[in-house]
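The values are calculated or read from the model by the stated rules, or taken from the named source; none is laboratory data. Values in this document were obtained by computation on a predicted structure and should not be read as measured data. Glycine also receives a Cβ, built like all others from the backbone with ideal geometry; neighbour counts cover every protein chain displayed. Remember, those area values only see protein heavy atoms, side chains included, never the ligands or the DNA or RNA. Shrake-Rupley method; radii C 1.70, N 1.55, O 1.52, S 1.80 Å.
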Amino acid sequence: MSAVGMASSCSCLRPSVWLLKRGIQKASSFGLHMAARCAAKDYYEVLVLGGGAGGIAMTARMKRKVGAENVAVVEPSKTHYYQPLWTLVGGGAKQLETSARPTGSVMPAGVEWIQSQVTALDPDKNCVYVENGSKISYKYLIIALGISLHYEKIKGLPEGFHHPKIGSNYSVHTVEKTWKAVQDFKEGNAIFTFPNTPVKCAGAPQKIMYLSEAYWRKTGKRSKANIMFNTSLGVIFGVKKYADALLEIIKERDITVNYKRNLIEVRADKQEAVFENLDKPGVTEVHQYEMLHVTPPMGPPDVLVNSCVSDEVGWVDVDKETLQHKKYPNVFGIGDCTNLPTSKTAAAVAAQSGVLDRTISLVMKNQLPTKKYDGYTSCPLVTGYNKVILAEFDYNAQPLETFPLDQSKERVTMYHMKADMMPFLYWNALLKGYWGGPAPIRKLMHLGLK
């Protein structure tokens, strides 16, 4: 999630904070949402597919725009998770239950929650189909279906997670196994992986590596650990400013980075991980491990693959500045399921939600969208139990920082922002449609320097 740390201590931020508090107070006065069920009617002015961060944020915004009775959300899950916290859960710094709330508790009051799975989209007829075969029509459609995990594309998984010494911070079912593997480490290779696909929160695969290293240092096991980061990428991070800072940390902490290595098999019974060398097709390497953290291959949800709303890969095909669909003007996309060429994070969703709100408002008035999304995204790179490098950048992989200081430096304040402030902002502002990213704060900060 993006930066807003220590806002209450800066006098230049007080107008924004006051408005934010007013929005939160107003939102908390609303009653309970309507109970989840099959669609109570077959037409809605705004239909939202997905009840994750982007879906709930846009539902809250659309409710204020067209009225709760005219908005419906299709979402099968009974529990909503704040997934950015799972880095700290896997590192033993947070409890899993603190990342979870009933979906009903975050659903905007009065909107229709259709607790079902989307099975097909037919934008030519302005309708979708859900699991029981029901057809739901719409005037405007917002697609916020997220990204799918594909552990099964690695031979030996997911069944390998039944064995010890292996975990993954990307799934609610395996994140606590990560912490157990970190604690149980005795001596040998500790391997952390990055797949050869797009992923959500591209910094997370190495965040858990730094936390593990810090824990083993604290518990006297560091000298017995050979820490390896096997990544399919050719760089440690996509933005040079932060990559340079991370490479310094990696050197200081004696971590080995193997580039262009993609995990293709886990032999959990033998504690072996098999990697392909992407620079040498057909060449594989087998590593014994004492601890293995897996970042799974990821891709678009199945319902979007080969859909007419998607590009050739399966991502929702939207204009990168307005988030409006390139072919269907009453269809919009937000978050991980889109083909926006930026890092897939909750911070990106926040910035996108503000732009998309404005885009839809103008489309509803038969006007052309004017507000432009610059690709803003953020990755709080956790490098220890009280240290974070706050990476913020745009479409061009150029830093787009909120605070008037060098954010490539490890800072305790940024760790507390990540661990404590951002979860509060997520539950109480983003999901209620009152947080559209740090751009207003950034402007105030830089105005204060002039």
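For the stretch 403-432, a residue qualifies if it is modelled with pLDDT under 95 and open to solvent by less than 20 Å² (accessible area, probe 1.4 Å), and exactly one does: 403. Can you tell me which residue in the stretch 61-91 is least open to solvent (accessible area, probe 1.4 Å), limited to those that are farther than 15 Å from residue 50 by Cα and among the charged types (D, E, K, R)? Taking the candidates together, the pick is 63.
Residues that are at pLDDT 95 or above, under 21 Å from the mean Cα position of the chain (by Cα) and closer than 29 Å to residue 213 by Cα do not occur anywhere in the stretch 354-373.
Scanning the stretch 276-301 for residues being closer than 16 Å to residue 229 by Cα, assigned to a strand (DSSP E or B) and either open to solvent by less than 20 Å² (accessible area, probe 1.4 Å) or not β-branched (Val, Ile, Thr) (or both) gives a total of 8.
When residue 320 is tested against (1) at pLDDT 95 or above; (2) part of a loop (DSSP other than H, G, I, E, B); (3) over 19 Å from residue 140 (Cα atoms); (4) open to solvent by 10 Å² or more (accessible area, probe 1.4 Å), only condition (3) is not met.
Listed here are the residues, each with its yes/no results for (1) touching a Leu at 6+ places or on another chain (Cβ under 6 Å); (2) touching a residue at least 60 places away in the same chain (Cβ under 8 Å).
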| site | (1), (2) |
| --- | --- |
| 266 | yes, yes |
| 269 | no, yes |
| 294 | no, yes |
| 299 | no, yes |
| 324 | no, no |
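Counted as qualifying within the stretch 224-275 are the strands (runs of 3 or more DSSP E) with 2 or more residues that are open to solvent by 20 Å² or more (accessible area, probe 1.4 Å), on the phi < 0 side of the Ramachandran plot and touching a Gly at 6+ places or on another chain (Cβ under 9 Å), namely 261-267.
Taken over the stretch 402-421, the residue count meeting the criterion of being within 22 Å of residue 250 (Cβ to Cβ) and under 19 Å from the mean Cα position of the chain (by Cα) is 3.
Regarding residue 378, is this residue open to solvent by less than 10 Å² (accessible area, probe 1.4 Å), of a type outside the set (A, V, I, L, M, F, W, C) and over 25 Å from residue 64 (Cβ atoms)? In short, yes.
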